[in-house]
Amino acid sequence: MKTKWVFLLVLLAFFCSIPVVKGQVRFRKIVVDTTFRAEGVAVGDVNHDGKTDILAGDVWYEAPEWKMHEVRPVGKYDGTKGYSQTFANFAQDVNGDGWVDSIIIGMPSEPCWWYENPKNKAGHWKKRMVVDSACNETPLFLDLLGNGQPVLVFAVRPKGQMAWFGVPNDLEGLWDMHIIADGPDAPGTMKYSHGLGVGDVNSDGRNDVLIKEGWWEAPRDRTKANWKFHPANLGPDCADILVYDVDDDGDGDVITSSAHNYGIWWFEQRGGADGPQFEQHLISKEFSQPHAIRLIDMNGDGIKDLVTGKRHLAHMGRDPGGKDPAMMYWFELSRPQKGKVEFNMHVIDDSSGVGTQFEVIDINGDNRPDIVTSNKSGVHVFLQRRRR
């Protein structure tokens, strides 16, 4: 009997010493809406009931049953023939009243608007203009200033300026515009320019602004105009440009993805006499049109992973691989040894994809990141279910 217990204890010790098998993250797909509403999506507690709701352009969905409510008159959009009136959607308490408002950007070069939350009153939300032109196909709402408060970052026409925008004192007026790069036609500012990002490239503790042609170095005073530009080759036309220390060597590497072709890459930062230089590495060419990417620690190992997918019918199926299944993936980043990097691809879904902007957030409060998307295949939530 004693021998049996010794054997069981040895066996238990053996199994407890085996590391958890990677890739055990799973998702439960929730179809919120099968109608094409928007290619951008936002999240927030719209109605003050303590639950996280979804905003998708013309409408918002009330958690947890996802009942649809109108923000503005609802359009009818055919994804096989054209686009919606929402290229990006962000949630912010603009007026400081404690209620989440909605910021919406339509097609590139069209105005950016903010819609005031009516605080559970019936009717459409009051509409005000942020700026009369919003360009680059990846407008951003990120913590550029490093104070925990995201701001809008994108290009404006017709002058071709790159700028960030702050909420004005006069809420009826246009937002305060701070010029990062003045025109005419600064790089990355054309109507359909591809590629825009925010991150600390030079490790000075300040977030810089990146395009595929290089990056603007953030000054101490971020309201200062005309930031110093550093040319760099960060690959072909892309979407979100992310900054992260991929290889854990203490500097900011860059991650990009092809908006309308095949390819996801990371660019290893290397020192140079004239500042950072970048060496391109392929992550994947398994699918096309990853028109939005996000960084998040998906599996809780302390290393950020990539979440992306195929933009469903980006150009109505005319792009390379445009009619392939609308896949969703997460790429698990690991560093098996010093200086070595691996990205392991895991399938999330095969019939939804991403739009031009999506959210990764803990939507149900279980301390695990979930995914919310809106695109030409509808609106979806992917709840993480991690195996122990």
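The values are calculated or read from the model by the stated rules, or taken from the named source; none is laboratory data. It should be emphasised that the depicted structure is a prediction, and the values quoted were computed from it without experimental measurement. Here the Cβ is made from the backbone with ideal geometry for all residues, glycine too, and neighbour counts use every protein chain on show. Areas reflect the complete protein model, heavy atoms only, side chains present, ligands, DNA and RNA absent. Shrake-Rupley method; radii C 1.70, N 1.55, O 1.52, S 1.80 Å.
Conditions: (1) part of a strand (DSSP E or B); (2) within 21 Å of the chain's Cα centre (by Cα). G40 meets all but one. Number of the miss? Status for G40: all satisfied but (1).
Across the range 14-28, a minimum of one residue is classified as surrounded by fewer than 17 Cβ atoms within 10 Å (Cβ to Cβ), within 24 Å of the chain's Cα centre (by Cα), modelled with pLDDT of 95 or more and more than 28 Å from L196 (Cα to Cα).
Just checking, does the range 315-329 include any residue being buried (at least 22 other Cβ atoms within 10 Å of the Cβ), touching a residue at least 12 places away in the same chain (Cβ under 8 Å) and within 26 Å of W215 (Cβ to Cβ)? No: zero hits. Of the residues making up the range 172-192, not a single one is open to solvent by 10 Å² or more (accessible area, probe 1.4 Å) and within 24 Å of D249 (Cβ to Cβ).
Just one of H291, H260 is touching a residue at least 60 places away in the same chain (Cβ under 8 Å), open to solvent by 10 Å² or more (accessible area, probe 1.4 Å) and either in contact with a Ser or Thr (Cβ under 7 Å, 6 or more places away or on another chain) or closer than 22 Å to S352 by Cα (or both); which is it? Spell out how you get there, then give the answer.
Numbers: H291 fails: open to solvent by 10 Å² or more (accessible area, probe 1.4 Å).
That would be H260, the only listed residue that is touching a residue at least 60 places away in the same chain (Cβ under 8 Å), open to solvent by 10 Å² or more (accessible area, probe 1.4 Å) and either in contact with a Ser or Thr (Cβ under 7 Å, 6 or more places away or on another chain) or closer than 22 Å to S352 by Cα (or both).
For the range 122-162, a residue qualifies if it is open to solvent by 20 Å² or more (accessible area, probe 1.4 Å), within 22 Å of V198 (Cβ to Cβ) and without any contact (Cβ under 8 Å) to a residue 24 or more places away in the chain, and the qualifying residues are N147, G148, Q149.
I'd like to verify a number: residues in the range 183-215 that are part of a loop (DSSP other than H, G, I, E, B), of a type in the set (A, V, I, L, M) and under 16 Å from C135 (Cα atoms), how many?
Qualifying residue count, the range 183-215: 2.
Summed over the range 62-99, the residues that are in contact with a His (Cβ under 9 Å, 6 or more places away or on another chain), surrounded by 19 or more Cβ atoms within 10 Å (Cβ to Cβ) and not small (G, A, S) give a count of 1.
Could you check the range 28-37 and list, in sequence order, the residues that are part of a loop (DSSP other than H, G, I, E, B), over 22 Å from N117 (Cβ atoms) and of a type outside the set (S, T, Y)? Of everything in the range 28-37, just one residue is part of a loop (DSSP other than H, G, I, E, B), over 22 Å from N117 (Cβ atoms) and of a type outside the set (S, T, Y), namely F36. For the range 302-312, a residue qualifies if it is more than 16 Å from D370 (Cα to Cα) and surrounded by fewer than 22 Cβ atoms within 10 Å (Cβ to Cβ), and the qualifying residues are G302, I303. Looking at the range 63-84, is at least one residue of a type in the set (F, W, Y), touching a strand residue (DSSP E or B) at 6+ places or on another chain (Cβ under 6 Å) and farther than 26 Å from D143 by Cα? Yes, the range 63-84 contains a residue that is of a type in the set (F, W, Y), touching a strand residue (DSSP E or B) at 6+ places or on another chain (Cβ under 6 Å) and farther than 26 Å from D143 by Cα.
Table: residues versus (1) of a type in the set (V, I, T); (2) more than 24 Å from I104 (Cα to Cα); (3) touching a Leu at 6+ places or on another chain (Cβ under 9 Å).
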| position | (1), (2), (3) |
| --- | --- |
| P168 | no, no, yes |
| M177 | no, no, no |
| M190 | no, no, no |
| N226 | no, yes, no |
| D249 | no, yes, no |
| S257 | no, no, yes |
| H260 | no, no, no |
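When the range 331-388 is examined, which residues are found to be in a strand (DSSP E or B) and open to solvent by 70 Å² or more (accessible area, probe 1.4 Å)? Talk me through it step by step, then tell me what you get.
Residues of the range 331-388 that are in a strand (DSSP E or B), as a first pass: 331-334, 342-349, 354, 359-361, 370-375, 378-386.
Correct list: M345, V347, R385.
Checking each residue in the range 78-90 for being more than 21 Å from the chain's Cα centre (by Cα) and without any contact (Cβ under 8 Å) to a residue 60 or more places away in the chain picks out only D78.
So that you can scan it fast, the table gives a plain yes or no per residue for (1) surrounded by fewer than 24 Cβ atoms within 10 Å (Cβ to Cβ); (2) in contact (Cβ under 8 Å) with a residue 24 or more places away in the chain:
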residue	(1), (2)
R220	yes, no
K228	yes, no
P231	yes, no
A239	no, yes
V243	yes, yes
D248	yes, yes
D251	yes, yes
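Of the strands (runs of 3 or more DSSP E) contained entirely in the range 60-126, not one carries at least 3 residues that are over 28 Å from F382 (Cα atoms) and not charged (D, E, K, R).
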